[in-house]
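Take a look at the structure below.
The values are calculated or read from the model by the stated rules, or taken from the named source; none is laboratory data. Note that the structure is predicted; figures quoted are calculated from it, not measured. Every residue, glycine among them, receives a Cβ derived from its backbone with ideal geometry; neighbour counts consider all protein chains shown.
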Amino acid sequence: MSRPDINILHADARAGDRTKEGELFQLLRARFLVFVHLRIWDESDAEEIVQDALLVIFREYRNMSFDTSFAAWAYQVVEHRILAYLKTRKREMARTVRPANEFDPAEQKPLNLDPELKRRLLGCLQKIAYSNRRYTRILNLHYQGYTTAEICARMQLTPSNFYAILSRARSLLDFCLEKGDIK
């Protein structure tokens, strides 16, 4: 039995064959999981990266013209998702050392934010709320200090689904703060 060619499946799916589209995304998911697991050992994080990459590919694959091949582009999307994950992890590790002016719930002193940053942050939160209220609710509950178990119980989510949604919401927030708009 020969291995299916991703580029041929892409051409068939792009032409409107729903069966081939299903085969294409099943094949991409299986290959991407192996590819990501070699770089990211956490299974739930690897699954999240693959889901994010497949979402990007699904949104764009019909309209893209490729300089090399669809497969090369698809793997490049996964690589970018891995790099974004690693950058986020690095930032999270850097945040474990708390600056002196950060909000301390015991002291009840708010962080002294730059007014411009505060305006942009609120604007981005409003844009995210407009596009997906679930993301905003999870960000809000997480910010308020609810535990993962409490948020999952309130929103009827599994922990892995919660982390996937939280990661996507944070990514949207980061993107909005950098670019001024959401994807």
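Annotation note: of 168, 120, 91, the sole residue that is surrounded by 10 or more Cβ atoms within 10 Å (Cβ to Cβ), modelled with pLDDT under 80 and part of a helix (DSSP H, G or I) is 91. Report yes if residue 148 is of a type in the set (Val, Ile, Thr), in contact with a Pro (Cβ under 7 Å, 6 or more places away or on another chain) and not assigned by TED's automatic domain parsing to the domain that holds residue 45, otherwise no. Spelling it out, residue 148 is indeed of a type in the set (Val, Ile, Thr), in contact with a Pro (Cβ under 7 Å, 6 or more places away or on another chain) and not assigned by TED's automatic domain parsing to the domain that holds residue 45.
From the residues in the stretch 38-50 that are of a type outside the set (Gly, Ala, Ser) and buried (at least 16 other Cβ atoms within 10 Å of the Cβ), which one is farthest from the chain's Cα centre (by Cα)? Checking each candidate, the answer is 40.
The rows are residues; the columns are (1) outside the structural domain of residue 158 (by TED's automatic domain parsing); (2) at pLDDT 85 or above; (3) under 27 Å from residue 15 (Cβ atoms).
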position: 41; (1), (2), (3): yes, no, no
position: 44; (1), (2), (3): yes, no, no
position: 47; (1), (2), (3): yes, yes, no
position: 53; (1), (2), (3): yes, yes, yes
position: 60; (1), (2), (3): yes, no, yes
position: 65; (1), (2), (3): yes, no, yes
position: 70; (1), (2), (3): yes, no, yes
position: 77; (1), (2), (3): yes, yes, yes
position: 85; (1), (2), (3): yes, yes, no
